[in-house]
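Peer 1: One structure coming up, written as structure tokens, with questions to follow.
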Amino acid sequence: MNNDRSPRKRPSGWAGWGFTTGWLVFVSAVIFCADRRLLSPVFRFISAHPGSDKVGHFVLIGGMAFLLNLSLDVREVRWLGVGWLLGSVLVGVVFTLEEISQIWIPTRTFDLLDLAGDYTGILFFGWLAKTVVRRGAQL
């Protein structure tokens, strides 16, 4: 029996999944608007500030990984002898496919640097989720 871990205190059940679902709806709305060139002033602002698009990818996709990993209780899957956070893997797969799909959307552009922002956010916020759970921190 391992007694060195303190009990976890964070949103669970409906509350934890509610935050995750809300974030997913928000990210989906951003993608929907980008695909249809809606919210032009917002996207013009982003275009006028170099790097802000990549920061957005880091925060939006990383935030999705953070919340999903918390909702999944930082569950890991083993692959190639390494433990990977299930939420991070799922977010990575879904948003890699979303970025690749932009090849066929006339109003969008596939960008490897966007994927790099996604992956960096997924890794950082995955680590953060593990740290929050390990320390029994409250959100």
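Peer 1: Go from 0 up to the bin containing the longest alpha carbon distance in the chain, width 10 Å each, and give me the % of pairs per bin.
Peer 2: 12, 38, 31, 15, 4, 1
Peer 1: Would you compute, from DSSP H runs of 4+ residues alone, the mean residue ellipticity of the chain at 222 nm, taking -39500 (n - 2.57) per run and dividing by the full residue count, rounded to the nearest 500?
Peer 2: -22000 deg cm²/dmol
Peer 1: Something else about it: Which whole-Hz couplings ³J(HN,Hα) result when phi for each residue of segment 119-134 is put into the Karplus expression 6.51 cos²θ - 1.76 cosθ + 1.60, θ = phi - 60°, listed in order with x for Gly and Pro?
Peer 2: 5, 5, x, 4, 5, 5, 6, x, 4, 4, 4, 4, 5, 4, 5, 4
Read-outs throughout are calculated quantities, based only on the coordinates presented, and are distinct from any laboratory measurement. What you see is a predicted model, and the numbers here were worked out from it, not measured in a lab.
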